[in-house]
Amino acid sequence: MGLVRPASSQRKKPPAAFVPLLEPLRFPTADFPQPWSAAPFTARCLAPGSAARPAREIRLQGIVLRLPDSGGNGTSFRAYCLTCPHEICQVNFTTETTGVEPAPERIPPHPLFVCPCHFSAFDPLADGERLAGPAHRGLYRFKLETRGGAVAVLRIERAALV
Ligand code: FES
């Protein structure tokens, strides 16, 4: 008889939910001439209401990055929200990792997102995943589309709006 894993170990993380921005943002791909080229932006979003508070418009700072090509599959772009999921400081896109644990030799050699408040660090090459620090999750992500020579930022992870 085979080993039966407990149900909890078979559970997958549910996919993140995304909601449309109030206004999509577009950037010409020519604005990203080489890997790690970046374009910061401010996105207008609608934060959901509750019984105690009506829905309201909020503005989130974000950044579009051109990542290094992976295996010749073409250029890839990502867009991340710069609000740290720990206590909402703004993270920096940087190669400066002073204060980040683990030890420097375990930190990837490419630019990271680093929070100046409590030194959470996030990996842009791993979907914004948390590498270090007290944040409970990775960076909130924007969904984008690359088409017709432009990168369009269209949606934000719903969890960023609460
Ligand atoms: S607010 Fe970013 S690590 Fe605490």
- [ ] Hey, could you check region 125-139 for residues that are more than 10 Å from the ligand (Cβ to nearest atom) and among the hydrophobic types (A, V, I, L, M, F, W, C) and say which is farthest from Leu65 (Cα to Cα)?
- [x] Leu131
Open item on the list: I'm trying to understand the selection: among the residues of region 111-155, which are among the aliphatic types (A, V, I, L, M) and part of a loop (DSSP other than H, G, I, E, B)?
Closed with: Ala135, Leu139
TODO: For residues that are under 15 Å from Glu129 (Cβ atoms), of a type in the set (A, V, I, L, M) and more than 10 Å from the ligand (Cβ to nearest atom), scanning just region 102-117, find the one that is modelled with the lowest pLDDT.
DONE: Ile107
Task: Single unsatisfied condition, Leu112 versus (1) farther than 23 Å from Pro15 by Cβ; (2) surrounded by fewer than 21 Cβ atoms within 10 Å (Cβ to Cβ); (3) of a type outside the set (Val, Ile, Thr); (4) free of Cβ contacts under 8 Å to residues at least 24 places away in the same chain - done: (2)
TODO: Report yes if Glu87 is within 16 Å of the ligand (Cβ to nearest atom), in a loop (DSSP other than H, G, I, E, B) and modelled with pLDDT under 95, otherwise no.
DONE: no
- [ ] Taking Ala160 as the residue in question, decide whether it is within 10 Å of the ligand (Cβ to nearest atom), surrounded by 17 or more Cβ atoms within 10 Å (Cβ to Cβ) and not charged (D, E, K, R).
- [x] no
TODO: Note down all Cβ pairs under 6 Å where the first residue falls in region 23-37 and is in contact (Cβ under 8 Å) with a residue 40 or more places away in the chain, the second is among the small types (Gly, Ala, Ser), and they're at least six residues apart or on different chains.
DONE: Pro24/Ala152; Arg26/Ala150; Arg26/Ala152; Phe27/Ala39; Pro28/Ala150; Thr29/Gly149
Open item on the list: Considering only region 68-78, I want to know if a residue exists there that is under 18 Å from the mean Cα position of the chain (by Cα) and among the basic types (Lys, Arg).
Closed with: yes
TODO: Scan Phe142, Phe122, Phe93 and give me the residue that is touching a residue at least 24 places away in the same chain (Cβ under 8 Å), of a type in the set (Phe, Trp, Tyr) and within 12 Å of the ligand (Cβ to nearest atom).
DONE: Phe122
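The values are calculated or read from the model by the stated rules, or taken from the named source; none is laboratory data. In this text, all values refer to a predicted model and were calculated from it rather than measured experimentally. Reconstructed Cβ throughout: ideal geometry from the backbone, glycine too, with neighbour counts over all protein chains shown.
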